[in-house]
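The values are calculated or read from the model by the stated rules, or taken from the named source; none is laboratory data. What you see is a predicted model, and the numbers here were worked out from it, not measured in a lab. When we count neighbours, we look across all protein chains shown, and the Cβ atoms used for this are built from the backbone with ideal geometry, even at glycine.
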Amino acid sequence: MFVLPNPDYRRHPKFAFPDESSEASREADGLSLFLPAFTRSYESWLKVGYPDYGSDTPSGQPVLDEIQRDGVALLTVPAELKARMADATAATFAGIEESIRAFAGRPKFRHMNVMFERSEHGPLYKVVNQALDAIGVYEVARGYLRTPVKIRKLFAQVNNQDETARRYGPIDDDGLPALKTDYWHIDSDVWPCLKVLIYMSEVGPEQGPMRYVPGTHKVLTSFELIARKTNDTLKLPVPLFVSLPDAFRVHALFGPYLNGDEPEALAMLSKERVLCGPGKDVVLFDNNGVHRGGFVRSGSRHIIQCLFEPA
């Protein structure tokens, strides 16, 4: 069983700050912001509960069994539906590529990620919905989450060789930056914890495919899971975050602040799965598991992100 490594945030250069107030004062200020948000999210999570991991009772549905066991599965969109998605998204992806080219310096996430407004992209929502239904995503979600879901939002995201170099530096032959743990994270959304990525360009090892550490979707206690998500959403000022008690000083995005040689990190690196393969263009995953993606060595990676809500 994995244990997620927790960086020593107090010693990391990014979290250094002038000591202008007492530790007790900073802790009190941090807790006054953290605890209400944590309590709301924790109560929400306890109402929905953990997903149905089903470890002792295989469902007979291979994809559901795979999600329950590993937290991730690869699927394929029917060609006709994929072609319709491509027609509906080509202009958006071209615009994002241009935005990245035009930005001087290190691109921000907003330069690479754009929401498809339902009012403007109704046909896209319709065809993505058809595709997810056709390949059994909704059936799997119903079994895993114990309730039906529907599409909440769709986003376009582009990662390319240029922005990767500007953000992470050289990418090695294994597809990783110099800091081997960089960008490891879990998502901040509390529920539903299933998410879909659809590769809209050809994605192989060179195009920054998503990476996932199988099994990490069920290693965190409810307490630690929600503490991490709370900090990811709150974005407390550095002095307040580092002054939180140890149990609360955890974050959803933790990979950039590791050394990369921690025993827990090495164990996860040895098990990390690169999610691409011939004909495979859909990643269905539990976003409470450790994942990352977008380290592009050649060309571009165009994806549609699908976020869900209760149906």
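Key figures for this structure:
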read-out	value
Sole exception among (1) within 30 Å of GLY122 (Cβ to Cβ); (2) surrounded by fewer than 23 Cβ atoms within 10 Å (Cβ to Cβ); (3) under 13 Å from the mean Cα position of the chain (by Cα); (4) not aromatic (Phe, Trp, Tyr) for PRO209, by number	(2)
Residues of region 256-288 that turn out to be in contact with a helix residue (DSSP H, G or I) (Cβ under 9 Å, 6 or more places away or on another chain) and under 23 Å from THR164 (Cα atoms), as a count	11
Residue within region 105-115 that is surrounded by 15 or more Cβ atoms within 10 Å (Cβ to Cβ), touching a residue at least 12 places away in the same chain (Cβ under 8 Å) and small (Gly, Ala, Ser) present	no
Members of region 155-199 found to be over 28 Å from LEU225 (Cβ atoms), of a type in the set (Val, Ile, Thr) and in contact with a strand residue (DSSP E or B) (Cβ under 7 Å, 6 or more places away or on another chain), listed by number	VAL158, THR164
Residue selected from region 33-49 under the condition of a type in the set (Ser, Thr, Tyr) and surrounded by fewer than 16 Cβ atoms within 10 Å (Cβ to Cβ), by the criterion modelled with the highest pLDDT	THR39
Region 137-191 - residue that is out of contact with any helix residue (DSSP H, G or I) (no Cβ under 9 Å at 6 or more places or on another chain) and of a type in the set (Ser, Thr, Tyr) and, of those, surrounded by the fewest Cβ atoms within 10 Å (Cβ to Cβ)	TYR168
Filter result (surrounded by 17 or more Cβ atoms within 10 Å (Cβ to Cβ) and within 26 Å of PRO177 (Cα to Cα)) within region 223-248	ARG228, LYS229, ASN231, ASP232
Any chance HIS251 is farther than 19 Å from ILE186 by Cβ, under 16 Å from the mean Cα position of the chain (by Cα) and either buried (at least 17 other Cβ atoms within 10 Å of the Cβ) or β-branched (Val, Ile, Thr) (or both)	no
One residue from GLY260, GLY294, GLY255 being at pLDDT below 95 and touching a strand residue (DSSP E or B) at 6+ places or on another chain (Cβ under 8 Å)	GLY294
Number of the condition not met by ASP56 [criteria: (1) of a type in the set (D, E, K, R); (2) modelled with pLDDT under 95; (3) surrounded by 12 or more Cβ atoms within 10 Å (Cβ to Cβ)]	(3)
Meets criteria (in a helix (DSSP H, G or I), charged (D, E, K, R), in contact with a helix residue (DSSP H, G or I) (Cβ under 9 Å, 6 or more places away or on another chain) and modelled with pLDDT of 95 or more) for ARG84	yes
Strands (runs of 3 or more DSSP E) completely within region 103-205 that count 3 or more residues being in contact with a Cys (Cβ under 9 Å, 6 or more places away or on another chain)	149-160, 194-199
Residue selected from region 267-282 under the condition within 10 Å of GLU202 (Cα to Cα) and of a type in the set (D, E, K, R), by the criterion surrounded by the most Cβ atoms within 10 Å (Cβ to Cβ)	ASP281
Every pair of residues 6+ apart whose Cβ atoms lie under 6 Å, when the first sits in region 232-257 and is over 18 Å from SER25 (Cβ atoms) while the second is of a type in the set (Val, Ile, Thr)	ALA252/ILE186; GLY255/THR181
